[in-house]
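Colleague: Would you mind keeping the following structure in view while I ask a few things?
Where a number appears in this text, it was derived from the coordinates with a stated rule and is not lab data. Predicted model only: the values in this text are computed from it and were never measured. Heads up, the Cβs are rebuilt from the backbone with ideal geometry, glycines too, and the neighbour counts pull from every protein chain shown.
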Amino acid sequence: MTDSLKGILKLSVEEKVNAIEVIWNSIEEDSLPVTDEELTIARERYEEYLKNPGDTLSWEEARKRLMDKYGF
């Protein structure tokens, strides 16, 4: 483990979360690897959405259903 990583592990939780956010935001979106399987799933779901756009849920409704189901 590098000295930099050892230093990060000594940070407070808030500082660690901030470090993670800075690191994540530094990654270019286009450089994230996507598998062929993930692309196929995304295309299938998009095609399904185009066929039935009314079958979707708003974020508010999806969040409510998750909260009701899992109670968090």
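Colleague: Nearest 500 deg cm²/dmol is fine: what mean residue ellipticity at 222 nm does the chain get from its DSSP H runs of n ≥ 4 alone, each adding -39,500 (n - 2.57), divided by its residue count?
Modeller: Taking each H run of at least 4 residues, the total per residue is -20500 deg cm²/dmol.
Colleague: Assuming a ≥ b ≥ c are the square roots of the Cα gyration tensor eigenvalues, decide whether segment 33-72 counts as rounded (a/c under 1.5), prolate (otherwise, with a/b larger than b/c) or oblate.
Modeller: Here segment 33-72 falls in the oblate category.
Colleague: Then there's this: Please check which bits of segment 5-43 a label hung off Tyr70 would reach, taking the label as a point 7 Å along Cα-to-C-beta and the cut-off as backbone N under 14 Å.
Modeller: No residue passes the distance filter.
Colleague: Follow-up. State the extension gain, in nm to one decimal, for the chain segment bounded by Asp55 and Ile41, taking 0.36 nm per residue of separation less the distance between their alpha-carbons.
Modeller: 3.3 nm
Colleague: Just to be sure I understand the curve: with the Debye formula and one point per C-alpha of the chain, what is log10 I(q)/I(0) at q = 0.14, 0.26 Å⁻¹?
Modeller: For the chain, the Cα-only Debye profile gives -0.86, -1.04.
Colleague: Compute the signed sum of charges (Lys and Arg +1, Asp and Glu -1) over the other residues within less than 13 Å, Cβ to Cβ, of Thr40.
Modeller: Local net charge: -4.
Colleague: Next question, about the same structure. In debye, nearest 20, what is the charge dipole magnitude of the chain about its Cα centre with +1 on Lys and Arg Cβ and -1 on Asp and Glu Cβ, if you could check?
Modeller: 420
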